[in-house]
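Derivation of every value follows stated rules applied to the coordinates shown; laboratory data play no part. Given the structure is predicted, the values throughout are model-derived calculations rather than measurements. Virtual Cβ from ideal backbone geometry, glycine too; neighbours counted across all protein chains shown.
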Amino acid sequence: MATPFIISTPKRSKRKKKGIHKSKKTYVYGLVNQGNNVCFLNAVLQALAALHNLRIYLGRKATSRDAQDEERPMTIALHETLEKLNEPLATRDSFVPNRIVWALQANARRLINRQQQDAHELFQLLSESLGLEDEVSRRPKSLLDIDTIRFLTGNNKARLICDRNPLVGLTACRISCMKCKYCGPIRHSTFDNISIPLPKQQVVTLENLLRTYSEIEFIDEYNCPQCSLFETLAVVEKELIDRKDDPNKEYLRKLNKDKQIIKTALVTDVDKEIDSELEVTKLARVNFLASKQTMFAKLPKVFALHFSRSIYLQNGMTLKNPCSVLFPEKIDLTQYTTTGYLATMPSEPLSSPSSSLSSPLLSPMLAGIEGARPDEVHYRLKAIIAHIGDHKLGHFVTYRRREGLDCWWRLSDENIEEVKLSKVLEQEAYMLFYEKDHI
Ligand SMILES: [Zn+2]
């Protein structure tokens, strides 16, 4: 959503009057909206400051000896900024998050400006920067480097698990042809947040959105490789019958050779690219109805969600979808997560606890990915970013849980006020940040 923003000017006299209960009289830093156009940056930083696992990860990464400081400007800037945002203060105060702006400019060569005003885009940019810096730190400096040798020869599994970015998870996606039941290779993709378009209705629950995201859907025009091979084989076999008396024996020899290549592909590897091997035959491409399902194969420690609220009109205009998302404080992702066994039949769920061990049609297709354990699927809400206003004129604010406490801050640039959970759950969410609940 590219929108100019209303800037909320801090009303110092009002804030002082409000006050906070004596026993909870500690504050955290607000963030100055310098240039009056970076409320989206402030909102993202305040939300990330609520994420315990991210802070641990950044602390470890920022102080490790795997990389030079100049190779990880975003990791260090984010670590320092998020720690500062968690410092307890006796009085209200705020600062300008300059280190993040400089790191973005140095690392991603991107400027924070009015063209880039979306909290979700910025979140992705920060996450991408962290990923790139992590890649650099994992690159072997030299095979003679003692740390590299230790890493390559020793048991580094524990280190890999500790170093895993808590925002990153893995999805499994299966597409199956409804005609021939062919199931393509199950594709795995990493994600640092799940972006869900909102329906054009007044209210929807988060549970419904996640169910829609992970349930079987149907694709009309799926180019099925197996059906295409069968179709091509039928054409070749018909031509061989029709031209059995053809004097051009060389052509018939080539046609027979093509037939053999297609038959071999059908038995050994349906997905193999055989176009270039066929001498006189053109591979048919036929489309049929297919089922598609995406589930979580590896859940991240921090589960971030984005709700796409843009409605694109035919006249080129964009409107904001005002759909209210009802989201709970705690979520259980069991039903959207694979159990480690994936079904290959198009009409069956990709993975379900009830069928995974009994059906002979299932196979352990996820080597090394065991699926989630029961204690790893429970999450608790840690922060939300809300968007106030319409598509053209709006403002981002963050609601963030206070570390270790059951109360919340509402942070709008420099303005901070304490709110109850019930107030947080009423907000028009743009992004939600859940964190694993077993810590
Ligand atoms: Zn097919």
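Just a few scattered comments:
- Using the Cβ-Cβ distance between GLN34 and ASP163 with R0 set to 30 Å, the FRET efficiency from 1/(1 + (r/R0)^6) comes to roughly 0.35.
- Every pair of different Cα atoms in the range 377-429 enters the Kirkwood calculation, which places the hydrodynamic radius at 11.8 Å.
- The stretch between LYS244 and LEU405 holds 49.7 nm of extra length on full extension. This uses 0.36 nm per residue minus the Cα-Cα distance.
- Computed over the range 159-208, the percent of Cα pairs more than 18 Å apart is 61.
- Simple spin-label estimate for LYS200 and LYS282 gives 4.0 nm between the two label positions (7 Å along the Cα-to-Cβ direction from each Cα).
- Virtual spin-label span in nm between THR264 and SER347, 7 Å along Cα→Cβ: 3.6
- Along each principal axis, Cα extent of the range 174-253, largest first, Å: 71, 27, 18
- Of LYS179/LYS254; LYS330/LYS420; LYS200/LYS382; LYS238/LYS282; LYS179/LYS298; LYS320/LYS382, pairs whose Cα-Cα distance is over 21 Å: LYS179/LYS254; LYS200/LYS382; LYS179/LYS298; LYS320/LYS382
- HN-Hα J in Hz across the range 387-395 - Karplus 6.51, -1.76, 1.60, θ = phi - 60°, x for Gly and Pro: 10, 9, x, 9, 5, 8, 9, x, 8
- Residue-span extension gain [THR334 to ASN208] - 0.36 nm each, minus C-alpha spacing: 43.9 nm
- ASN256-THR190 FRET efficiency (beta carbon distance; Förster radius 51 Å; 0.05 resolution): 0.65
- Amide H to amide H, with H built 1.01 Å from N, SER324 comes under 5 Å of VAL203, VAL204, counting only residues 5 or more places away or on other chains.
- Amide H within-cut-off set for LEU85, under 5 Å, with H built and near neighbours excluded: none
- At an R0 of 41 angstrom, the distance between the Cβ atoms of LEU313 and HIS378 translates into a FRET efficiency of 0.50.
- Hypothetical label at THR91: residues of the range 382-417 whose amide nitrogen lies under 20 Å (7 Å Cα-Cβ projection): 414-417
- Pair-distance distribution of the range 225-285: all C-alpha pairs, bin width 10 Å, starting at 0; shares per bin in whole percent are 24, 56, 18, 2.
- Along the range 275-286 the Karplus relation, 6.51 cos²θ - 1.76 cosθ + 1.60 evaluated at θ = phi - 60°, assigns HN-Hα couplings of 3, 6, 7, 6, 8, 10, 10, 9, 5, 6, 10, 10 Hz to successive residues, with x for each Gly and Pro.
- Protection proxy ranking for 84-92, 177-185, using the average of other Cβ atoms within 10 Å per residue and placing the highest first: 177-185, 84-92.
- Reachable aspartates and glutamates, given that their alpha-carbon falls under 16 Å from the alpha-carbon of LYS61 and they are not under 8 places away in the same chain: ASP69, GLU70, GLU71, GLU80, GLU83, GLU128, GLU133, ASP134, GLU135, ASP147, ASP163
- Distance between the C-alpha centres of the range 245-259 and the range 274-338: 46 Å, rounded to the whole angstrom.
- Size descriptor, Kirkwood hydrodynamic radius, that averages inverse alpha-carbon separations across the range 185-226, Å: 13.3
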